[in-house]
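Heads up, the thing below is written out as structure tokens.
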Amino acid sequence: MTQADKSLVDAETVVKVIPVFWPQIQGHLNVYLIRGTKLALVDTAAYGANLKEALKEHGLSPQDITVVLNTHGHPDHTGNNAFMKKEAGVPIWIHEKDAICAEDHSRYYDEFHLSIFSALMGTEQAREHKKVFLEFAGPDCLVDRHLHDAHTIDLGDIAVRVLGLPGHTLGSVGFWIEEEHLLITGDSTPGLGGPEGSLPVIADVTAYQASLRRLLEEDIKVLHTTHPFRSLSSPPSTVRHGEEVKRFLSESLEFAELLEARLEAEVETVQREGILVAADRVIGGLPPSLGFKPISQLLMPDMALATIVTNFRRLTSS
């Protein structure tokens, strides 16, 4: 085993991947255990996903966890926050800009999701859909501490640095273990999105590009994401190693630059013909090799539309 190979193995022992089964998708969501003398759990999966059983399979209970660190506020990452706090009093830490997502699901839906679902199904149906969303999101949970960029988290013999990585959401962060050259990003680095052909969810494409440029300057040898994201040069995966990390981030940046150019080109289309027409023109103007499907062909069109709506809103208000 080379020294480089050994460093990758050592990094994998510091961070343990814990797949959590989620019946709603008949699949797994990854959460991560950072193992210092204190244990940090990165994300808690979705409400309804059996986190307690997943921990048990790895010889752990909620009481063993010192702190929950959320990469961002989306419900498939914060869904068991309330369970961890109720079951074991575990404190919840998240970036201030995403705290509303975890603390007040009703307000979060109204401020973010309502306009997206209104574009898909009309305002009245979107208001009815809110009930479905609130069931999906689970109980609200107060946050105990706000994370910020350059925040260092002491886990005893391991220091974890918070990297502010806005883009996927405004409060997205990564957790950087410098000694291991290992980064956990959750959804902060979504590449070309999932295998279904939807645009990745990127709330601010400009901020996302800046986050990717920042990461390209770091010496990252192991990159963990929650979902198996696509890239042009490798199959969907939740972990990338060595040079593959740099390629993945570089390809992600190239795509983000293309996407921003397409969004800027279709701003007037939104005003003339509406958001759905503009969305399909944005997607249709991207290279076919990227594998994106139009809104009408997507199983979950709200994900692609979230990217379109939030960025058009940003571009037209600036």
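Of everything in the range 38-56, what is surrounded by fewer than 21 Cβ atoms within 10 Å (Cβ to Cβ), assigned to a loop (DSSP other than H, G, I, E, B) and at pLDDT 95 or above? Give them in sequence order. Hit for the range 38-56 is Lys38, nothing else. Which residue pairs have Cβ atoms under 7 Å apart, sit 6 or more places apart or on different chains, and have a first residue in the range 131-148 that is touching a residue at least 12 places away in the same chain (Cβ under 8 Å) and a second that is assigned to a loop (DSSP other than H, G, I, E, B) and aromatic (Phe, Trp, Tyr)? Sorted first by the residue in the range 131-148, then by its partner, the pairs are Phe136/Tyr47; Ala137/Tyr47; Gly138/Tyr47. From the list Ile153, Ile184, the lone residue that is part of a strand (DSSP E or B) and over 16 Å from the mean Cα position of the chain (by Cα) is Ile153. Of the numbered conditions (1) in contact with a Leu (Cβ under 9 Å, 6 or more places away or on another chain); (2) assigned to a loop (DSSP other than H, G, I, E, B), Tyr208 satisfies every one except a single condition; which is it? It is condition (2) that Tyr208 fails. Return yes or no: is Ile92 under 16 Å from the mean Cα position of the chain (by Cα) and farther than 18 Å from Thr226 by Cα? So Ile92 does not fit the description; no.
Here is a yes/no grid of residues against (1) crowded, with 21+ Cβ neighbours inside 10 Å; (2) in contact with a helix residue (DSSP H, G or I) (Cβ under 8 Å, 6 or more places away or on another chain); (3) assigned to a helix (DSSP H, G or I):
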residue: Ala82; (1), (2), (3): no, no, yes
residue: Lys86; (1), (2), (3): no, no, yes
residue: Trp93; (1), (2), (3): no, no, no
residue: Ser118; (1), (2), (3): no, yes, yes
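What residue, among those in the range 249-299 that are surrounded by 13 or more Cβ atoms within 10 Å (Cβ to Cβ) and among the basic types (Lys, Arg), is farthest from Asp219 (Cα to Cα)? This residue is Arg281. Please determine whether any residue of the range 65-74 is out of contact with any helix residue (DSSP H, G or I) (no Cβ under 8 Å at 6 or more places or on another chain) and within 29 Å of Gln125 (Cα to Cα). The answer is no, given that none of the residues of the range 65-74 is out of contact with any helix residue (DSSP H, G or I) (no Cβ under 8 Å at 6 or more places or on another chain) and within 29 Å of Gln125 (Cα to Cα).
Candidates are the residues of the range 191-221 that are over 19 Å from Thr316 (Cβ atoms) and of a type in the set (Asp, Glu); the one that is surrounded by the most Cβ atoms within 10 Å (Cβ to Cβ) is Glu218. Scan the range 63-108 for residues that are touching a Cys at 6+ places or on another chain (Cβ under 8 Å) and more than 21 Å from Gly174 (Cβ to Cβ) and the total you get is 4.
The values are calculated or read from the model by the stated rules, or taken from the named source; none is laboratory data. Since the model is a prediction, treat every value here as computed from it, not as a measurement. Neighbour counts run over all protein chains shown; Cβ positions are idealised from the backbone, glycine included.
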